[in-house]
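Every number in this text was worked out from the coordinates using simple rules, so none of it is lab data. As the structure is a prediction and not an experimental result, all values here were calculated from the model. All Cβ positions, even for glycine, are placed from backbone atoms using ideal geometry, and neighbour counts span all protein chains on display.
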Amino acid sequence: MSVRPLLEVEDLEVAYGDVQVIWGISFTVAPGEIVTLIGPNGAGKTTTLRTISGLLSPKAGKIRFRGEDLSGRPAHEVVRRGVIQIPEGRKLWPRMTVEENLLLGAFAPRARDMAHEQLDRVYALFPLLKGRRRQLAGTMSGGEQQMCAIGRGLMSEPELLMFDEPSLGLAPLLVDELFAKITGIAKQNVTILLVEQKVAHTLEIADRGYILETGRTVLSGTGKELRESEYVQRSYLGT
Amino acid sequence: MGLDDLLNLFVAAILLAGIYTTMSIGMTVIYGVMKMVNLAHAGFMMLGAYFALEMSERLHIDPLVSSVLAVPVFFLLGVATHRSMVRFVPVADEPTLPSLLLLFGLWLVLQNVGYGVWGADDRSIFSALTMATFQFKGIVVPVIRLIVFGIALLSLVALHLFLHHTWFGRSVRALTQNREAGQLAGIDTGRTAMLTFGLGIAFTGLAGALLANLYSFTPEFGSSFMLRSFVITVLGGLESFSGVAIGAVIVALIETFSILVVPASYQHAISFILLVVALLVLPGGIEGLLQRWRRLG
């Protein structure tokens with residue numbers, strides 16, 4: 001690929017205390033791409049995202065965003081550069097209204113001035129949220145909360161949006177809608193790094209993907225290549 | 001015991017609840033954002049009381065005015081305490097032994113500084129208002145208590161507006177409700193913790209200075225009020241700012257009306273009993289109880 005990658009993760013190693021869970025993961029995400037990380041539970045997908053976001057510090061390896069080394073930077077500095085994560089399990093603020101949740105998504109200084117324009121854009125993408133703006137986020141259904149979490153992530157006009165298991169706990173009908181929203185967001189020039197258990201669905205919308213197992217990258221390719229790979233079919237698609 | 005007496009007690013309890021809320025809210029914001037129990041709460045309250053005394057004796061500033069002046073002074077004191085000590089305690093999702101020991105140690109140090117500077121004598125602040133009362137339909141209201149209530153109420157209104165309408169205020173609520181989501185939204189947790197500690201100590205200093213208008217004090221001052229703050233905070237559900245006000249009203253009502261049945265010297269015991277009952281029966285506080293009801297209804 002000739003374009004300089006937006007995100008480069010190189011030989012990443014991460015440990016929780018003495019327990020190392022990531023043993024050398026490398027991947028890149030180019031501007032405008034949808035890239036997915038696939039792997040069984042415990043493969044280190046969530047840990048990888050948490051490390052990119054600055055919630056964890058890597059033991060070794062590099063995380064570069066636009067060529068700048070972000071490894072070991074605190075979370076708020078990562079957010080300021082436009083790298084946003086929508087965490088597993090939504091993690092909304094339950095006793096705040098939907099609108100307050102969204103507004104706080106624009107907390108980063110570069111996003112504050114635009115917060116109200118951005119709010120309108122999020123409401124246009126998720127009309128349901130507009131009707132619920134005064135409702136406490138904790139009282140909404142799982143699907144509605146996921147929409148709110150995505151909306152919050154969009155509030156700061158991210159350059160790279162990382163999803164951690166966005167379909168977890170959603171009804172099948174909502175999963176289709178969710179994937180449609182994700183591709184819609186990608187079309188608006190937001191680069192996407194997607195961690196998902198719904199492998200077949202994910203590989204259909206992804207430009208490229210990486211298979212992680214026990215903290216290592218074992219396979220990579222375009223969405224189509226991975227869909228057709230015998231290994232992926234046997235291990236992840238159940239065919 | 002006539003209706004008038006009951007009404008008098010009720011009014012006294014509500015006036016007390018105002019200052020109890022202001023006194024407890026500092027502990028609640030600190031716990032909310034940092035998950036630390038401020039065991040030095042009493043120490044800062046004591047400093048607030050002596051601050052009002054010194055301002056009154058040396059600069060002849062009215063103790064009620066001094067209470068308001070205590071807010072910026074104690075904010076800075078809180079920020080300095082955080083920068084010099086508290087920030088070195090590892091962050092955790094629940095109170096840790098190092099944080100408890102540090103803040104307990106700080107309380108002891110503050111107390112002994114108090115003894116060194118002001119001695120062990122009982123001190124109190126008298127002003128023209130100290131003994132003044134007015135009557136309204138048979139209810140006797142001490143003027144000073146009404147003003148203290150007013151200042152407390154104003155401080156709470158200001159805090160409410162601040163928490164709901166400023167970026168910093170929203171970030172305080174966000175970290176209280178879900179710390180990690182706050183980090184992922186770009187909130188600088190270290191800076192917010194520092195300012196929150198300042199905010200919490202500002203309210204604690206304000207409360208100490210206000211209480212100095214009502215009660216006499218020594219460097220031990222504040223410990224019984226700290227105990228009440230615990231009860232109120234637990235009743236309030238630890239992290240709910242509106243729950244604190246409800247908790248304060250409950251504690252003030254029970255304390256005030258308990259003098260009808262038990263001697264006043266048992267008031268401490270009453271706070272303790274309330275704490276035990278609250279922890280056993282209402283582990284989630286009033287807020288938790290309301291949420292359970294909402295879910296059922």
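For region A:89-158, the percent of C-alpha pairs falling in each 5 Å distance bin, counted from 0 to the bin holding the largest distance, reads 4, 21, 34, 25, 13, 3, 0.
Charged side chains reduced to their Cβ positions (Lys and Arg at +1, Asp and Glu at -1) give the protein assembly as shown a dipole of some 560 debye around its Cα centre. Per the Debye formula on identical point scatterers at the alpha carbon atoms of region B:228-292, with no solvent, log10 I(q)/I(0) at q = 0.13, 0.24 Å⁻¹ is -0.32, -0.93.
Taken along the Cα-to-beta-carbon direction at a fixed 7 Å, the label points for residue B:293 and residue A:228 span 6.4 nm.
Could you give the angle, 0 to 90 degrees to the nearest 10, between helix A:142-154's Cα long axis and the longest principal axis of the Cα atoms of chain A? Relative to chain A, helix A:142-154 is tipped by roughly 90 degrees.
Taking the C-alpha atoms only, the angle from helix A:172-187 to the longest principal axis of chain A is near 90 degrees. For chain A, the relative contact order is 26 percent, taking Cα pairs closer than 8 Å that sit 6 or more residues apart in sequence and dividing their mean separation by the residue count. Take chain A, compute every pairwise Cα distance, and split them into 5 Å bins from 0; I just need the percent in each bin. All Cα pairs considered, the percentages come to 1, 7, 14, 18, 20, 17, 12, 7, 3, 0, 0. Other residues lying with their Cβ under 9 Å from the Cβ of residue A:191 contribute a combined charge of -2, Lys and Arg counting +1, Asp and Glu -1. Taking 23 Å as the straight-line reach from the Cα of residue A:181, the lysines in range (excluding those fewer than 8 positions away in the same chain) are A:45, A:91, A:130, A:198, A:224. Each distinct pair of alpha carbons in the protein assembly as shown adds a 1/r term; the inverse of their mean, the Kirkwood radius, is 25.8 Å. A simple count of charges around residue B:35, restricted to other residues whose Cβ falls under 10 Å of its Cβ and scoring Lys, Arg +1 and Asp, Glu -1, yields -2.
With a cut-off of 12 Å between beta carbons, the residues surrounding residue B:115 carry a summed charge of -2, where Lys and Arg count +1 and Asp and Glu -1.
How do A:6, A:56, B:7 line up, fewest other C-beta atoms within 10 Å first?
Exposure proxy ranking, most exposed first: B:7, A:56, A:6.
Beyond 16 Å, the tail of the calculated P(r) for region A:1-44 holds 50 percent of the Cα pairs. Principal axis extents of the C-alpha atoms in region B:1-142 (largest first, rounded to whole Å): 56, 37, 26.
For region B:1-80 and region B:244-279, compute the distance between their C-alpha centroids and round to whole Å. So the two Cα centres are separated by 18 Å. Of the DSSP H helices in chain B, those that are both long (alpha-carbon extent of 20 Å or more along the helix axis) and hydrophobic (Kyte-Doolittle mean at least -1.0) are B:3-34, B:41-59, B:63-84, B:97-118, B:143-165, B:189-212, B:241-258, B:267-281. Across every direction, the projection of the convex hull enclosing the Cα atoms of region A:1-86 has a mean area of 5.7 nm². Taking every DSSP helix (H) stretch of at least 4 residues in the protein assembly as shown, weighting each as -39,500 (n - 2.57) and dividing the sum by the residue count yields a mean residue ellipticity at 222 nm of -18000 deg cm²/dmol.
Derived value for chain B: Kirkwood hydrodynamic radius 19.7 Å. Basis is the mean of 1/r over every pair of different alpha-carbon atoms. Springs join every pair of Cα atoms under 10 Å in this Gaussian network model of chain B, and among B:261, B:65, B:86 the largest mean-square fluctuation is at B:261.
Centre-to-centre, using Cα atoms only, region A:66-120 and region B:165-207 are separated by 16 Å.
Rounded to whole numbers, the Karplus 3J(HN,Hα) couplings from phi for region A:215-226 are x, 9, 7, 10, 7, 8, x, 6, x, 5, 4, 5 Hz, using 6.51 cos²θ - 1.76 cosθ + 1.60 with θ = phi - 60°, and x at Gly and Pro.
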